[in-house]
Each structure stands twice: as C-alpha cells, then as structure tokens.
Amino acid sequence: MKKYNTSDRLHQIMNERNLRQIDILNLTIPYCEKYGVKMNKSDISQYVSGKVEPNQDKLAILGMALNLNEAWLMGYDTPPRRKTLSSTEAKNDFELVEKFSMLSDSDKELVLNLINSLLEKAGLI
C-alpha cells in the first residue's frame, strides 16, 4: 500500500543520512554514466520538492545510488534496503522477466493469478 511519495522518502533519507541534494546527485553519477541516464540538479530538486516523480530509469538510478528499494522510494510500505541477489538469482530473475514479457496479456494475468494464489497459500500475502 502506498503511504508516501518520493519527495517524502527523499526528505527522510536526506535527514537520516545528513545529505544535501547535491550529495544525492553526486552519488548518482557513476550509475548515470554506467547506464546512460542523465540526471541533473533540477531533476533532484523537482523530486525533493514533489513537483515531479522520477521516471523508471531515474528511480532505478536513485535506488542504486542510495542503496534503496525503488518501491520504498516511491512511497510503498516495503523494506527500504535493496535486495541484493547472487549472480544465479539475478540470472533467474532476468530469465523470468524476459519470458514473462513474451506472454500475451491474458497469459500474464493467468501467471500473476497463479503467483498470488501460491503466495496466499504460503501465507506471504
């Protein structure tokens, strides 16, 4: 369930870690260079002020730079720390997403319903 927004979360992290907007921008630089994503002072300022929500690419960069879960950054009630995957887990997750994206919309819905059913049965949701 979404309880907050990205602005709230960025303010929280800035207070907890004693960061300024420029510090966040500087933390993003290596990830921006690695993934070819452009981020500037204006972007960070707009995210912190709540004027704009980051797109998926920039949210991922912020998550990596701050070691935070993107869903948490978006304001959802999830653990804040990023989940680190082993190389095997990452490969399996990538393969799963790749195969899932190949399905029709109706088949995707079937798969999601099955996953939800299994998670409910296990008491995880």
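The values are calculated or read from the model by the stated rules, or taken from the named source; none is laboratory data. Note that the structure is predicted; figures quoted are calculated from it, not measured. Neighbour counts run over all protein chains shown; Cβ positions are idealised from the backbone, glycine included.
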* Does any residue of region 33-40 turn out to be within 23 Å of Gln12 (Cα to Cα) and modelled with pLDDT of 85 or more? -> yes
* Take region 1-22 and flag every residue that is surrounded by 14 or more Cβ atoms within 10 Å (Cβ to Cβ) and over 19 Å from the mean Cα position of the chain (by Cα). => Leu19
* Structure fact -> Restricting region 85-125 to residues that are surrounded by 11 or more Cβ atoms within 10 Å (Cβ to Cβ) and among the acidic types (Asp, Glu), the one farthest from Asn67 (Cα to Cα) turns out to be Asp107
* Could you list all residues from region 93-123 that are part of a loop (DSSP other than H, G, I, E, B) and either within 21 Å of the chain's Cα centre (by Cα) or β-branched (Val, Ile, Thr) (or both)? => none
